[in-house]
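In what follows, a structure is listed as C-alpha cells, so that the remarks can point back to it.
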Amino acid sequence: QVQLVESGGGLVQPGGSLRLSCVASGRIYRLNDMGWYRQAPEKERELVGRITSSGSTNYADSVKDRFTISRDNARKTVYLEMNSLKPEDTAVYYCNANVATTWGLRPSDFWGQGTQVTVSS
C-alpha cells in the first residue's frame, strides 16, 4: 500500500554530518506525522524525532541541538540532518509515517526498511 524508502546512511567520522532522506509512495490519501527512529545492536528501537504535517517537531533529548527534521510535503519526503555525530549515534535508522490511505479510514503507521549509520574513526 505505502512504501517508505530511506537513503543517505553510511560511515562517518565522529563530529561529522549526514543527511537522511525518506520518500513515501503508494496509496496515500493524507500524509500525517512522519518521523525517524533508530535501533542500535541489542537495544530497543527508540524515537529520534517526529514532525507533523504542519512542521512542528519534537526530538529525543539525546539528539536535540544536533539533529534537525524537516519535510517537503509536495515531494512526500522527510529529512534528517545529523550534525556533530557521535559513536553512540551508530544505529539503523528507520523512517516512519502515519498515513491515511483512503478517506474515512483510520490512518496506519508504515515503516521503511532502515538505513545504517555508523559513526567511527
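The values are calculated or read from the model by the stated rules, or taken from the named source; none is laboratory data. Please read all numbers here as calculations on a predicted model, not as lab measurements. Cβ atoms come from the backbone with ideal geometry, glycine included; neighbour counts cover every protein chain shown. These area figures cover heavy atoms from the full protein model, side chains too; ligands, DNA and RNA do not enter into them. Shrake-Rupley method; radii C 1.70, N 1.55, O 1.52, S 1.80 Å.
All conditions in (1) of a type in the set (Ser, Thr, Tyr); (2) in a strand (DSSP E or B); (3) open to solvent by 60 Å² or more (accessible area, probe 1.4 Å) hold for Tyr37, with the sole exception of (3).
Here's the yes/no breakdown for (1) within 22 Å of Gly10 (Cβ to Cβ); (2) modelled with pLDDT of 95 or more:
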position: Ile51; (1), (2): no, yes
position: Ser56; (1), (2): no, yes
position: Lys76; (1), (2): no, yes
position: Ser84; (1), (2): yes, yes
position: Cys95; (1), (2): yes, yes
position: Thr102; (1), (2): no, no
position: Arg106; (1), (2): no, no
position: Gly114; (1), (2): yes, yes
position: Ser120; (1), (2): yes, yes
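The set of residues from the stretch 40-62 being part of a strand (DSSP E or B) and touching a Gly at 6+ places or on another chain (Cβ under 8 Å) comprises Leu47, Val48, Gly49, Arg50, Ile51, Thr57, Asn58, Tyr59. Scanning the stretch 4-25 for residues that are farther than 18 Å from Glu88 by Cα, open to solvent by 50 Å² or more (accessible area, probe 1.4 Å) and touching a residue at least 60 places away in the same chain (Cβ under 8 Å) turns up Val5, Ser7. Report, by residue number, each residue of the stretch 76-121 that is surrounded by 14 or more Cβ atoms within 10 Å (Cβ to Cβ) and among the aromatic types (Phe, Trp, Tyr). Selection gives Tyr79, Tyr93, Tyr94, Phe110, Trp111. Across the stretch 63-74, the qualifying residues are those that are within 15 Å of the chain's Cα centre (by Cα) and either among the small types (Gly, Ala, Ser) or in a loop (DSSP other than H, G, I, E, B) (or both), and the one among them that is surrounded by the most Cβ atoms within 10 Å (Cβ to Cβ) is Val63.
Output the qualifying pairs, or none if there are none: Cβ atoms under 6 angstrom, residues six or more apart or on different chains, first residue in the stretch 46-59 and farther than 15 Å from Asp109 by Cβ and open to solvent by 40 Å² or more (accessible area, probe 1.4 Å), second residue assigned to a strand (DSSP E or B) and of a type outside the set (Gly, Ala, Ser). Between residues of the stretch 46-59 that are farther than 15 Å from Asp109 by Cβ and open to solvent by 40 Å² or more (accessible area, probe 1.4 Å) and residues that are assigned to a strand (DSSP E or B) and of a type outside the set (Gly, Ala, Ser), the close pairs are Thr57/Ile51; Thr57/Ile69; Asn58/Arg50.
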